[in-house]
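So the structure is just underneath, and the comments pick up after that.
Just so it is clear, none of the values below were taken in a lab; they were calculated from the coordinates. Here the structure is a predicted model, which means the values were calculated and not measured. Don't worry about glycine lacking a Cβ; one is built from the backbone with ideal geometry, like all the others, and counts go over all protein chains shown.
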Amino acid sequence: MSREIKFRAWDKVRKEMLQIQKHSFKTNKSIPYGWNIEHEFYDLMQYTGLKDINGKEIYEGDILEGGYLNPLTGEFISRKYIVEYEEGCFKCKLIGKSPYGDTWINFIHEKSRVIGNVYENSNLLEE
């Protein structure tokens, strides 16, 4: 199984997200699309190879909103997750308390939507 390898980076100076055209892991410098010089970024995020319910690409650092229907009450319970790369795989960390721990991104990606990322939408990290 193969997937497209793509990256994006948060430019801390300009405060904007940039799509990366080329990256050197040796020098840790990148060339964003539309630029002709290398730039050093501190927060490089990889594409997971998955898309949300609306077809939007999911990257590390994205905030997903998903949920489930409570079988006892019939109430929809909404949850927010942060996409992280840990222990060799992409995971979704629940924002807030959970007795169940982390969720595998493969389990929720088609049932959730990207609502922002940790850099541009830090207000979404609040419970």
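Structure notes:
- Placing unit charges on the Cβ atoms only, positive for Lys and Arg and negative for Asp and Glu, gives the range 7-125 a dipole magnitude near 100 debye about its Cα centre.
- Using bins of 5 Å that start at zero, the share of Cα-Cα pairs per bin across the range 7-125 amounts to 2, 11, 20, 20, 18, 13, 9, 4, 2, 1, 1, 0, in whole %.
- Seen from LYS26, the other residues with C-beta closer than 14 Å to its C-beta sum to a net charge of 0, counting Lys and Arg as +1 and Asp and Glu as -1.
- Unsatisfied cross-links (Cα-Cα over 29 Å) in the set LYS26/LYS80; LYS51/LYS93; LYS29/LYS111; LYS22/LYS111; LYS56/LYS91; LYS29/LYS97: LYS26/LYS80; LYS29/LYS111; LYS22/LYS111; LYS29/LYS97
- Estimated FRET transfer efficiency when R0 is 35 angstrom, pair LYS22-SER122 (beta carbons, to 0.05): 0.80
- Spacing of the two label points (7 Å from each Cα toward its C-beta) at TRP35 and SER2, in nm: 2.8 nm
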